[in-house]
Amino acid sequence: MTSISVQVMKPVLPALDVVTPYLAEVYESGIFSNHGPKVRALEERYATWFNVSPEQVVAISNGTVAIAAAALWEDNPTYLIPEWTFPATAMGPLEVGATIEFRDVHPTEWTLTVTDDDRRNANSVVPVVVAPFGHPIDLAEWSDFPRGIVDAAACAGNRPDLSGMGPGWSATISLHATKVLGCGEGGLVIFGDVARAKIAREWINFGFSGTRVTNRVGTNGKMSEFAASFALAALDGAETELAEWKSVRERATAINTELGFNGGPMPADSRIPYWLVAVDTADEAARVAESLDAAGIQTRKWWPAALTSTKPFHDMTTSGNAVATHLADTVLGLPMFRELSDAQFGHIRTTLADLRK
Ligand SMILES: Cc1ncc(COP(=O)(O)O)c(C=O)c1O
């Protein structure tokens with residue numbers, strides 16, 4: 001067996017000396033959770049980041065609970081989930097007892113495709129549009145739908161301007177350690193409508209609304225002051241972190257371009273924690289993965305199956321999953337992290353180039 005010389009990812013959190021002053025303040029305040037000052041500060045900082053008001057931003061325990069908090073429409077709409085995504089996209093709405101259906105994805109854009117019926121039923125469905133691997137979503141293309149959720153899990157680094165988001169729409173972000181500006185475990189929901197943000201704040205706090213008498217069935221989805229401290233420290237270092245992501249992204253894109261590999265629809269200037277190679281067939285994907293593996297280079301199929309071909313979603317309604325299955329079989333994740341060295345890039349490039357001979 002070959003030893004791994006380049007792992008597929010390496011999470012890097014903010015430096016301890018940047019986090020420690022925040023943690024000291026948390027200890028001094030004696031407030032460790034329950035929407036304390038660090039969480040409030042984080043919501044304010046991210047409001048500026050996404051160009052919205054702080055009341056629109058809800059900091060939350062993670063990106064999955066963020067999707068659940070965005071799926072609290074009480075008229076029981078059907079949430080339309082892309083077949084090709086991380087399972088959390090579907091699990092979020094299910095967590096709040098919602099009805100979901102699956103739709104296949106676009107072969108080159110990799111995003112949710114809806115049917116003519118969905119457009120006709122726009123008032124009773126809520127598309128959950130995943131920004132795949134941080135690929136930006138153009139909200140204008142979704143203007144037929146008064147409500148929707150953008151699962152923008154990997155988009156924090158792209159800093160989308162959310163000021164124009166409609167009142168029925170929301171965007172969810174993951175601040176997991178593997179994501180850009182990650183804090184360990186954390187998430188955000190940015191709501192188009194402050195009233196929806198208020199409902200989400202109640203829901204993540206056991207349905208409490210100002211008193212200890214619960215108002216609705218909720219959960220505990222609060223972000224702790226510790227997670228908020230790491231997230232604030234990450235924002236303090238955003239300029240450096242984003243410059244590092246820019247550098248590794250450009251190098252990966254240059255190698256893809258030089259060797260004629262399709263890197264997917266994400267723009268070259270995305271600040272995303274992925275290097276992808278989309279090949280034509282499952283056999284070719286296996287060949288690429290085997291050659292890299294033999295050279296000690298780890299790969300991963302980030303989304304290795306269409307969701308309705310997995311156990312929890314097997315019997316659920318879908319428009320089909322042919323495109324998703326093809327993408328699941330043929331899109332390979334290569335190593336991508338901020339500390340990828342010249343030598344590691346060189347080794348990956350040489351190994352990929354050998355495959356082109
Ligand atoms: C598309 C997508 N949605 C949701 C999530 C869930 O985020 P979290 O891990 O913060 O719960 C992820 C995590 O990788 C993801 O990739």
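Shape class of the chain from the alpha-carbon gyration tensor: oblate, with a/c at 1.5 or above and b/c at least as large as a/b.
Mind giving me the FRET efficiency for Arg40 and Arg300? R0 is 30 Å, r the Cβ-Cβ distance, nearest 0.05 is fine.
Values: r = 37 Å, r/R0 = 1.22.
Calculated transfer efficiency: 0.25.
Across segment 70-78, coupling constants 3J(HN,Hα) worked out from phi with the 6.51/-1.76/1.60 Karplus curve, θ = phi - 60°, read 7, 10, 10, 5, 8, 8, 6, x, 9 Hz, and Gly and Pro carry x.
For segment 16-236, DSSP calls about 40 percent of its internal beta bridges antiparallel. With a simple spin-label model that places each label point 7 Å from the Cα along the Cα-to-Cβ direction, the separation between Arg159 and Thr99 comes to 4.2 nm.
By how many nm would the segment from Lys357 to Asp117 grow when fully extended, if each residue of separation counts as 0.36 nm and the alpha-carbon distance is taken off?
Values: separation 240, 0.36 × 240 = 86.40 nm, distance 4.78 nm.
Full extension from Lys357 to Asp117 adds 81.6 nm.
Only one residue of Thr85, Leu139, Thr48 has its Cα farthest out toward the positive end of the dipole of the chain, where Lys and Arg carry +1 and Asp and Glu -1 on Cβ, and that residue is Thr48. Distant-in-sequence amide contacts of Ser319, defined by a placed amide H-H separation under 5 Å and a gap of 5 or more residues or a different chain, comprise Phe102, Arg103, Asp104. Within the accessible area of the chain, what % is carbon and sulfur when the probe is 1.4 Å and the other protein chains stay in place? Summing carbon and sulfur atoms, their accessible area is 52 percent of the total for the chain. Using only side-chain charges placed at the Cβ, +1 for Lys and Arg and -1 for Asp and Glu, the dipole size of segment 16-236 relative to its Cα centre rounds to 540 debye. Proximity of backbone amide H atoms, modeled 1.01 Å from N, is registered between Lys179 and no other residue at under 5 Å, excluding neighbours fewer than 5 places apart on the same chain. Couplings for segment 127-142, taken from phi via the Karplus curve 6.51 cos²θ - 1.76 cosθ + 1.60 with θ = phi - 60°, read x, 9, 8, 7, 8, x, 6, x, 5, x, 9, 8, 4, 4, 5, 10 Hz in order; Gly and Pro are left as x.
Using the heavy atoms of the protein chains alone and a 1.4 angstrom probe, what is the accessible area of the chain per residue in square angstrom?
43
Taking the average, over residues, of other Cβ atoms within 10 Å as the packing measure, peptides 292-299, 114-121, 140-147, 208-215 rank 292-299, 140-147, 114-121, 208-215 from highest down. The alpha carbon centroids of segment 4-79 and segment 168-242 are separated by 5 Å.
Given R₀ = 51 Å, what would the calculated FRET efficiency be for Glu55 paired with Thr350, taking r from the Cβ atoms and rounding to 0.05?
Working: r = 52 Å, r/R0 = 1.02.
Efficiency, rounded to the nearest 0.05: 0.45.
Placing pseudo-labels 7 Å out from each Cα toward the beta carbon at Thr219 and Glu284 gives an inter-label distance of 4.0 nm.
The values are calculated or read from the model by the stated rules, or taken from the named source; none is laboratory data. On a predicted model such as this, the values are computed, not experimentally measured, just so you know. Note: ideal-geometry Cβ built from the backbone for every residue, glycine included; neighbour counts use all protein chains shown. With ligands, DNA and RNA removed, areas are computed over all heavy atoms of the protein, side chains included. Shrake-Rupley method; radii C 1.70, N 1.55, O 1.52, S 1.80 Å.
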